[in-house]
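Where a number appears in this text, it was derived from the coordinates with a stated rule and is not lab data. Since the structure is predicted, the reported quantities are computational estimates derived from the model, not experimental observations. Every residue, glycine as well, gets a Cβ built from its backbone with ideal geometry; the counts of neighbours run over all protein chains shown.
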Amino acid sequence: MATSVIAVGDELLAGFQQDTNSHWLAERLRLLGFPLKRITVVTDRTEDVVEQLRRDLWDAEVEDVYCCGGLGPTPDDRTFEAVAAALGRELVTWQPVLERIQRRVDRMHAAGLIESAEVSEGNVRMARIPAAPDHVFRNRGGMAPGLLYLVEGRRLFVLPGVPSELKGIFTKEIEPEFLTGRSAAVVRELRFLFAVEAGFYPVMRELEASHSDVSVGSYPNFETRELVIRFLGDDPGRVAEAMDIVRRHVAPMGLTPIS
């Protein structure tokens, strides 16, 4: 089973902002034993988010979906609306979230950061969430909550797009409570100097047939003149076998791994 990430935001697709959240989640989830099947970036249009949510939630190979971004206080933040539409639920004002927002506004007002302690319409908007969440995560770094919905045996995590807020909810609440008990995939590398990447084509084709359970990729670094052959798999023994096959293949070529 695999995981998917949906990153929401016109600013990502227009190139104004880099999607660092997906990169960070991909690494964390791999290390926790929840590898990704795909990352999708979609616009802020409600229908686009709904379409992608339904695609991922009804994918038989996907067990967890992370939808990130679009939870803010302005009209272009439409992810809660899209989640409600995708799940067939109403939007409701979640009182505990609204109370947290009020406390945060009070602190900001007391510190002189804002003029009024009144919760604005935009702030209230962040407390309007799809009905009946299975878990509401506390956002210690912002106002919009993180949410969890159980959908036909799958888990949908809805997270803010602000990187510090997303990372805080993930590391403090999701990771210790919902992502325990699995092992990371085995990752190993062979590095060669001045190696021609095309020369590895035959052995990599061979491994596709003999070791289809091991992902093998080649990654040239033109600055260091290194070629990295990376192996990723669940079984350490199978990964070691694949590495040995590559070593035997390159030996007649006079290539010796430098690591």
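Tabulated data
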| quantity | calculated |
| --- | --- |
| Given charges at Cβ of Lys, Arg, Asp, Glu: the chain dipole, positive-most of Val92, Val228, His135 | Val228 |
| Percent RCO, i.e. relative contact order, over the chain, from Cα pairs under 8 Å lying at least 6 residues apart | 16 |
| Cα centroid of the stretch 194-259 to Cα centroid of the stretch 67-83, whole Å | 43 |
| At 0.890 mPa s and 25 °C, Stokes diffusion of the stretch 1-77 via Kirkwood alpha-carbon radius, µm² per second | 190 |
| Expected 222 nm ellipticity per residue - DSSP helices of 4 or more, -39500 (n - 2.57), all of the chain, to 500 | -10500 deg cm²/dmol |
| Exposure rule at most 14 other beta-carbon atoms within 10 Å, DSSP loop GluC sites (Glu not before Pro): the chain longest free segment | 153-222 |
| Qualifying trypsin sites (Lys or Arg not before Pro) for the stretch 148-199 [loop in DSSP, other Cβ within 10 Å: at most 13] | Arg182 |
| Tilt relative to the chain, helix 95-110 - C-alpha long axis, 0 to 90 degrees, to 10 | 80 |
| Å³ per residue enclosed by the Cα convex hull of the stretch 2-178 | 114 |
| In the stretch 19-87, the chymotrypsin sites (Phe, Trp or Tyr not before Pro) that fall in loop regions by DSSP, at most 16 other Cβ within 10 Å | Trp58 |
| Cα convex hull of the stretch 186-253, projected area averaged across orientations, nm² | 4.1 |
| Neighbour-limited loop hits for chymotrypsin sites (Phe, Trp or Tyr not before Pro), the stretch 188-247 (at most 15 other Cβ within 10 Å; DSSP other than H, G, I, E, B) | Phe194, Phe222 |
| Shape metrics for the stretch 33-92, restricted to C-alpha atoms - Rg then Dmax, Å | 12.0, 37 |
